[in-house]
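The values are calculated or read from the model by the stated rules, or taken from the named source; none is laboratory data. What you see is a predicted model; the values in this text were computed from it and never measured. Here the Cβ positions follow ideal geometry from the backbone for every residue, glycine too, while neighbour counts run over all protein chains shown.
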Amino acid sequence: MSGLVIEEIGFDGIDAVMTVMNRAFDPGYGEAWTEPQLLSMMAMPGTWLSLARIGDVPAGFALNRLIADEAELLLLAVAPESRRLGIASALIARSFDLLRLRNGVRLHLEVRHNNPAIELYKKAGFRAVGRRPAYYRATDGQMHDALTLSCPVLTGLTGHFSRNELQFGPNESRGPKLSGRRGAQRLASLYF
């Protein structure tokens, strides 16, 4: 897609991510994370957040975590007006490309059993490896199963990014990059 840029961000990009988060997830399922939840995950080693923009407009994001050689796609979201443009596929491909650079062997994710994104994940190479009955509780109290999906990194999508374009991101084992007073205040709010 022309004009699409994907980059790894630190705390200084949280506002853009939260803008997408609050619009992308159906409120009936309560799946959107809060800012403190997102910040606390970003503070963990091996975690990175990729932000997709079209021009200056945030269009989507992917939150990943790598532990040893296994990784998890924790969140994937695309703004409603940016859907069906290939952004989710590009974010998944970016996740696989970054995992290849770090010698990751497999990417996992969990998804609600009736989430339309399952078809996207299948096209990206993911296969069901487990099911957790009644794992998610919707805001109306209804319970939904979780599907555990997995894909070997070698067979996953590739975004064809050059090695120079792929930087692991600001959160690799050093923790998140703090940019200015605002980033420091956000991190401090998690712990104090």
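Brief remarks follow.
- Neighbours by Cβ (under 8 Å, 6+ apart or cross-chain): first from the stretch 100-118, closer than 15 Å to LEU63 by Cα; second in a loop (DSSP other than H, G, I, E, B) and at pLDDT below 95: LEU107/GLY156
- If the condition is being surrounded by fewer than 13 Cβ atoms within 10 Å (Cβ to Cβ) and touching a Gly at 6+ places or on another chain (Cβ under 9 Å), then the stretch 46-58 contributes only GLY55.
- The residue that is surrounded by the most Cβ atoms within 10 Å (Cβ to Cβ), counting only those in the stretch 120-150 that are without any contact (Cβ under 8 Å) to a residue 60 or more places away in the chain and β-branched (Val, Ile, Thr), is THR148.
- Here THR34 fulfils each of the conditions (1) in contact (Cβ under 8 Å) with a residue 24 or more places away in the chain; (2) farther than 23 Å from LEU99 by Cβ apart from (1).
- Filter result for LEU51 (part of a helix (DSSP H, G or I), closer than 26 Å to ALA146 by Cα and touching a Phe, Trp or Tyr at 6+ places or on another chain (Cβ under 9 Å)): no
- Residue match in the stretch 72-88 (condition: assigned to a helix (DSSP H, G or I), under 12 Å from GLY156 (Cα atoms) and aliphatic (A, V, I, L, M)): no
- The sole residue among LEU109, LEU120, LEU149 that is outside any strand (DSSP E or B) and not hydroxyl-bearing (Ser, Thr, Tyr) is LEU120.
- Among the candidates ILE87, ILE92, residue that is in contact with a helix residue (DSSP H, G or I) (Cβ under 9 Å, 6 or more places away or on another chain) and closer than 18 Å to LEU4 by Cβ: ILE92
- If you check ARG127, ARG131, ARG106, ARG94 for being in contact with a Gly (Cβ under 6 Å, 6 or more places away or on another chain) and at pLDDT 95 or above, only one passes: ARG94.
- No other residue among SER40, SER95, SER89, SER82 is among the hydroxyl-bearing types (Ser, Thr, Tyr) and free of Cβ contacts under 8 Å to residues at least 40 places away in the same chain apart from SER82.
Yes/no matrix, rows are residues, columns are (1) out of contact with any helix residue (DSSP H, G or I) (no Cβ under 8 Å at 6 or more places or on another chain); (2) crowded, with 20+ Cβ neighbours inside 10 Å; (3) closer than 30 Å to GLY141 by Cα:
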{"residue": "GLU7", "(1), (2), (3)": "yes, no, no"}
{"residue": "ASP12", "(1), (2), (3)": "no, no, no"}
{"residue": "VAL17", "(1), (2), (3)": "no, yes, yes"}
{"residue": "PHE25", "(1), (2), (3)": "yes, no, yes"}
{"residue": "PRO36", "(1), (2), (3)": "no, no, yes"}
{"residue": "ARG65", "(1), (2), (3)": "no, no, yes"}
{"residue": "VAL78", "(1), (2), (3)": "no, yes, yes"}
{"residue": "LEU98", "(1), (2), (3)": "yes, yes, no"}
